[in-house]
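A quick write-up on the structure given underneath.
Derivation of every value follows stated rules applied to the coordinates shown; laboratory data play no part. As the structure is a computational prediction, the values presented were derived from the model and not from experiment. Ideal geometry is used to build each Cβ from the backbone, glycine not excepted, and the neighbour counts take in all protein chains shown.
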Amino acid sequence: MISEAAHTECMRLLELLTNPRVQESWSWVFMTPVDIPGYDQVIKKPMDLTTIKKNLGIKPSRCRFKSHDKFARDVRLVFHNALTYNKDDQDIKGSVYAAAQHLLRVFETAYAKSIDNVFKADDAAKAAHREAKKEKRRAESIGLSSSSVSQQHHSSSSHQSNHHHRSRDDGQEVRKHKHKHSTKDKKSKKSKKSSKSREKEHRHSSSSSGESKKKHHQSEHEGGLKSSVKDEISFMNKSDECPPAITTPAFRESTKLEVKQEMGLIQASRAKMTDLEVTACLALLMKLIKYREGNISPAAPFLQAVDLNHFPDYRIKVPNRMHLYGVQKKLRSGSYPTIDAFAFDLRLIFSNCLVYNSDVILSKVMRNHAVTLMKLFESLFIKIGGSWPGVPERWNCHQILHDILAHRTAGQETSQWFKYPIESYYDSPDQIPYNYYELVKEPMDIGTVSSKLHLGTDVL
C-alpha cells in the first residue's frame, strides 16, 4: 500500500493539472475518456485525468496505486497518448498536441522536485521496513527448522514403542471380528426372505389401485372435454349476435389520419442520407476541425463534450448539448436522416457556445471562434446543396444581441438577469417566485432568443 506521505504528494501533483484555472486553459480536454471513432485502433491503452483521480482515492487505503511510480506512469500515459494521436498538429499553436506537451513538462518538473523532497525519503523508509521484515522471516524460519528436527526424533522413538504394543492386540481383534461377521450373515439371510414376501404383497395391491385410478381419471377427462366444447360453442353464438363496437364514419376518418401520421413518422425514421451526402458532410466536418487562423485552431474547444462535473451550471443553461466528435460519430453510424438534421447539430454546437459564454468581454475569444466556424460552415454547406432556413438578417440580429450583452451599468452587465431562463438563477425550482408561470404565460430570455436565431427555428 502507498504511504500517507506519498499519497498526499500525488494528490498535490494531480491538483496542479486539474485545478479550475488550468482546466479552463489547458487540461479540460484530458479530463474525460476520448470518444472518437477509430481512437482505440491508434491508442491501445487509453487514460484520462478523471480516471487517475478515482484510482488515487481520497486516502491511502482507497488508493489503487501501490507506489508513486505507477501514479506517474499513468499521468505520463495521458499526455503521451495525446502526443501520439495528434502528432500531425505538433506545429500548430493552441492545439491538443501543444497542450499535452505543456502539461507533461509541468508535471515532470514538479515530479522531479517531489522525488527529491518527499519520495526519496519515503522510498528509503519503505526499503528499511522491507529489510526488517526479511530479517524477521529468516529468524523465524531458522527457529522453526530446529524445532521440527527435535519433533521428528521424538516421534520416531514413540512410533517404535507403539508398534510393539499394537501387534500384540491385533490377534485378539481379528478373532472378535470373525465372530461378529458370522452372526451378521445369519441375520441378513432372514431379513432378505421377509423383504421378498413384502414386495410381492405390495405389487399386488399397487396394481389393483393403479387400475382404479386410471378409470377414474379417464372419466373425469372426458367430462371436462365435453363441458369445454359446450362453453366454446355458446361463446361463439353470443359473439355472432353482438354488433361491432364502433362503425361511425367519423371514427373511420380519424383512424385513417392516425395511420397516415404514423406511416409518415415511420418513413421519416427509416430515411437515411445517401453515401454521397455522408461523404460530403464528413469532408465538410473535417474542414471545420482542421481550419486554422495562423497557429490557432478555433475548433479545439468544440471537439469533445463539455464536462458537466466541472461546469455544473452548463446543464441548466444549455439543455441540448452537442460536440464535433459527436456529430462525426452520428454521421458514420448513419443516424442523420437528412443533411438538414446534420446542419442542425452543427449549428447547435456554436449556438450553445454563444448562449453559455454570454459575457462578451470575458468570453470574447470563445465567441469569436464560434462565429468564425458558423460563418465558415454556412458557406461550405451551400456548396453541398444545403441552405439557411432562418431569417436573412441573421448577423444583423446577432450584432443587436451582442450590443445588448456588452452594455454595462456601473461596471456590471445590464442584462445579467435576462440572459438565461429564470430557473437558472435559483438553486431549486421551489424557490422561483410563487405564481410566476401563471402570470408569465410565455417566458423568454436572451439566450433562448440567440439560440432560435442561430438554429433558424420559429421563422414566421
> When a footprinting reagent is the concern and you count Cβ atoms within 10 Å, what order do ASP445, ASP88 take, fewest first?
Replying inline: ASP88, ASP445
> For region 392-448, which GluC sites (Glu not before Pro) are both in a DSSP coil and crowded by at most 12 other Cβ atoms within 10 Å?
Replying inline: GLU393
> Sorting VAL75, VAL449 on the 10 Å Cβ count, fewest up front, what's the list?
Replying inline: VAL449, VAL75
>> Give me TYR425, TYR434 sorted ascending by neighbouring Cβ count inside 10 Å, so fewest comes first.
In response: TYR434, TYR425
>> Taking the Cα centroid of region 394-460 and of region 13-52, what is the distance between the two, rounded to the nearest whole Å?
In response: 33
>> Ranking request for peptides 401-410, 105-114: highest mean number of other beta-carbon atoms within 10 Å first, then the rest in descending order.
In response: 105-114, 401-410
